1. Just give me the residues in segment A:426-450 being within 14 Å of chain B (Cβ to nearest Cβ), out of contact with any Ser or Thr (no Cβ under 7 Å at 6 or more places or on another chain) and surrounded by 13 or more Cβ atoms within 10 Å (Cβ to Cβ), in sequence order.
2. Hey, which of the helices (runs of 4 or more DSSP H) in segment B:124-222, taking only ones fully inside, have at least 2 residues that are modelled with pLDDT of 90 or more, farther than 22 Å from B:ILE369 by Cα and within 12 Å of chain A (Cβ to nearest Cβ)?
3. Could you please find all residues in segment B:41-63 being over 8 Å from B:GLY162 (Cβ atoms), in contact with a strand residue (DSSP E or B) (Cβ under 8 Å, 6 or more places away or on another chain) and either among the β-branched types (Val, Ile, Thr) or surrounded by fewer than 20 Cβ atoms within 10 Å (Cβ to Cβ) (or both)?
4. Among the residues of segment B:223-265, what is the count of those that are of a type in the set (S, T, N, Q) and either more than 19 Å from B:ASP172 (Cβ to Cβ) or assigned to a helix (DSSP H, G or I) (or both)?
5. Kindly indicate whether any position in segment A:429-439 is under 18 Å from A:HIS303 (Cβ atoms) and not in a helix (DSSP H, G or I).
6. Which residue pairs have Cβ atoms under 6 Å apart, sit 6 or more places apart or on different chains, and have a first residue in segment A:351-370 that is within 13 Å of A:ILE433 (Cβ to Cβ) and a second that is acidic (Asp, Glu)?
7. Would you say A:ALA313 is in contact (Cβ under 8 Å) with a residue 24 or more places away in the chain, within 14 Å of chain B (Cβ to nearest Cβ), more than 24 Å from B:THR210 (Cα to Cα) and crowded, with 22+ Cβ neighbours inside 10 Å?
Amino acid sequence: MNIPLPDLTPIIPEIIMSIVTCALLTVEVFVKDKTKDFLGIICIGTALAVMYMIPMSQGVTFGGMFISDGYSSYFKFIFLISLILTILISFKFIQREDAEFGEYYSLLMFATAGMMIMASSADLILLYLGLELMALSTYILAGIKRHDTRSNEAALKYFLLGAFSSAILLFGISLTYGLTTSTNIYQIAEHLKQGETSITLLIAMIMIICAFAFKIASAPFHMWAPDVYQGAPTSVTAFFSVGPKAAGFAVIGRVFFIAFESLQMDWTAILIGLAILTMAVGNILAIVQTNMKRMLAYSSIAHAGYALLGIIAGTTEGLNAVMTYLLIYAFMNMGAFAIVILLEKGENIKDYNGLSKSHPLVAAMMLVFMFSLTGIPPTAGFIGKFNIFMAAINAGYTWVVVVAVCFSAISAYYYMRIVMNMFMKPMEAEAKIYPNPANGAALLISLLMVFIIGIMPSVVIGYTFQMFM
Amino acid sequence: MQTGHDSHADKQPVNTIARTLLYVPAIIAFVYLGAIFSVQIEYPVLSWVIFLPIIGGFLIFLIPRKHEMLARATSLGLTLVAFILSLPLYINFDKTTAKMQFTEVHNWIPAWGIKYSLGVDGISILFVLLSTLLSILCVTVSWTAITEKVKEFYGSILLIEGSMIGVFCSLDFFLFYIFWEAMLIPMYILIGVWGGPNRVYAAIKFFLFTLVGSLLMLVGIIVSYYYTNKSFDVLQMMNTTYPYTIQLILFWAFFAAFAVKVPMFPVHTWLPDAHTEAPTAGSVILAGILIKMGAYGFLRFSIPLFPEAAKAMAPIMIVLSVIAIIYGAVICLAQTDLKRLIAYSSVSHMGFVTLGIFALNMQGIQGGILQMINHGIVTGALFLSVGIIYERTHTREIAHYGGAATAMPVYAAFFMIFTLASIGLPGTNGFIGEFLILLGGFMAWKLMGVLACTGIIIGAGYMLWLYQKVFFLETNPYAHYHEDVNEREFLTLLPLVVLVLWIGFYPNALLSFMEVSVQGLIDRVNVSAQQQITQNIIEVIK
């Protein structure tokens, strides 16, 4: 039997990522360097090369299972940017944390490859494959500090809950398959447009929503986030808070806008509830946190809630707003984590007391990221929120936006508390920082992007990234 | 400055005045030459006046920490240049048209139809000039008072100045909102870092109050964007007639932001804390300009965009204003803290402003705008004065003062003029503003006009009581006044005295600027109200 080789052009970025990663795993064993920095540099190089290749590799392949279009390309950019920033802030940090193993960088690469597959999958099976590739890598990453009990706990918790959510996803997928006889999202859409809405279909859809909500850490499926964020090494936390979340939104967009298009009324109603609950839980619980990483965990939950508004809008405009939002969020959140990593002790919120006296520049940068996360112009965070709100209001969900701005005002309190500690509280102990060029580069990139997008948003908005070829 | 203690104390005021007056011709010459120069060269006035301080503010952060004097001098230079650059607005302004002048339009974010659009008319021009003037005084009054983190302090002041002017000049709603919110960042830092003992609480309270209001306005802005055919252009919005229910909703959404800033009665509680705890320069900016942004918002946006809703809601606004007038004044009587008393008097005075604005007639609105300028001058001056004496005594308790007039006669004279202007004595600027507002208020609603008058009476009560407690009576053992005002402080207060008297005797100097624009605003309200009545009649006939 002669099976023709499918067109590999659209999937070349993923192939390169995988091959390089496997090669790194092998090479790393034979190299006896003290540091593993060179691995990270190779990863960054690969990521840049892949970014360069993505626009040239558009197309559909594997019998319609794999789509590389404007939509997936944009998400892949977000993943790769967050990968590059993560590696930049990791270099010296993982040495400090005794977590410098060769597989650290490989796992980051594998996780990113998984996300890229998720963003491109037009088939639920392929989607599941990508999701598991990402998830399994992230479970190990969470526990990469082998001798740290918190890290172990984080990995175990993440793994157990993640396994549950994967099972629920599979259940949803199989029910959908049973009802529509297909796992291809376009064929599912065709089928659903003709048929009646059955209760089984709704259950299947709700199960898929639950699994995706777990990935984006949306309430009430957010319980893992604070513990995992706290336990994992900070650089990994930074990666978690951006990459997997963006990947979750990528598949939500693809699956709900195409496969379940005819059920839009139903999933919108569910997502509105989820979004409001997520914003409430994230913002209100963040207020009482005393640990910086836990606070940022709840803040990232809250941001997932804002981003969901764009999905709720149910329009291309809304989807584009979500994509822009995630890109902006990647920069500002990575920046905030870069500062946490820069400090010797940055875990406790009290550690930031009087930071402006000992390290004014660090404090000033943190101030910018905090205001950006709050959404105050002229920072990028404002543009992101504004974009989302515009899309939601245009789609007629003004009341949801009013709820969102109320929670947004609540969020100001905990971000401002960091600023308050840094600038207005007396210094308790001289904070020690570990500056290094890589971390500095990550900070500089984030800072510049926060300001550039904030002042000249035209660089990121205004393009429409269609899902279809 | 050299000052003789004790034995030479009696000669000192004369010396100061004499020495200071030597500077005055130099300053007049500087401003005059600057005006001639700036009028002759062609440049985009508004952009320069906005971005010179903002860029300068960032540049000041780059000055090495040890060069404190350089930071002070740079910021003084920048505020002076910004003031000089703003003079063409005064000289070249065409008073015969209600159109926007000095306009600048560039594409900014084409995807959302957002333009970088600036312009001033008779309503906004005076605030720009007031901002540039008061900023200079904020720099000079903080010269010796701020010793910690000097460059950050002056950087913040410059950033605030630029954004405030931006708020008054923006003709694009998105741009307006950017400036409106961006100003919160330096202001939060200014109060929280250099403020009084309770500064952290005051700063976060100020921030959260303003943010909630602004975010609701943001929703309103986006809604009106879609009703204006996807445009943030304010002038285009002014020519759009929104459905009545939408007008009502949007009016209240905007009210949330503007009422907090003014502040109007139920949402005024951030103001006493923020004004009291802020450093002197912060209080001056807050009282002098920042809270005017709220009332300006009513005039620029709420009324012309939603004229029918404004007309319908005017009675509620008037009642809230009168409550603020009386409530603010009565609370002043019970204050023991110098700055807090002046802060509460702001609540009362801003009540007059909103009363005038929502009287929706020529006298009321003109009086309202004039009173905003007056309040900026007078309350700004009072906060400057309090800052000057606080630098010597380090107490704000009224009970710790007494007999200051003997030790500081020149200072006492300045304070007297500002006190009388605050009360509204004829001959000072306060009288003109309040008189016009009451005239307008009577025409709109007689009872409320009468009630508002009691505010003036109580106002005279607390201000004179304050003056008596601080400057007369026995010299308080707590008080260590040391010395009278020095040249720097004298020159800081002098321009404000000139303005108080100038506007008091010749109000037309300012009124003439706004007359045509205000007439245009009133026409807009009346015409659209007429349309509404006609529509109602048609519906009834049908």
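The values are calculated or read from the model by the stated rules, or taken from the named source; none is laboratory data. Source: prediction; values computed, not measured. Here the Cβ is made from the backbone with ideal geometry for all residues, glycine too, and neighbour counts use every protein chain on show.
1. Within segment A:426-450, A:LEU447 is the sole residue that qualifies.
2. Values: elements: B:125-141, B:150-169, B:173-182, B:184-194.
In segment B:124-222, B:150-169, B:173-182, B:184-194 are the helices (runs of 4 or more DSSP H) which contain 2 or more residues that are modelled with pLDDT of 90 or more, farther than 22 Å from B:ILE369 by Cα and within 12 Å of chain A (Cβ to nearest Cβ).
3. B:PRO44, B:VAL45, B:SER47
4. 5
5. Narrowing segment A:429-439 to residues under 18 Å from A:HIS303 (Cβ atoms): none.
No, segment A:429-439 contains no residue that is under 18 Å from A:HIS303 (Cβ atoms) and not in a helix (DSSP H, G or I).
6. A:SER358/A:GLU430
7. Working: in contact (Cβ under 8 Å) with a residue 24 or more places away in the chain: yes; within 14 Å of chain B (Cβ to nearest Cβ): yes; more than 24 Å from B:THR210 (Cα to Cα): yes; crowded, with 22+ Cβ neighbours inside 10 Å: yes.
Criteria met by A:ALA313.
So that you can scan it fast, the table gives a plain yes or no per residue for (1) loosely packed, with under 15 Cβ neighbours inside 10 Å; (2) modelled with pLDDT under 90; (3) closer than 30 Å to B:LEU76 by Cβ:
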site	(1), (2), (3)
B:PHE472	yes, yes, no
B:ASP484	no, yes, yes
B:GLU487	no, yes, yes
B:PHE490	no, yes, yes
B:VAL497	no, no, yes
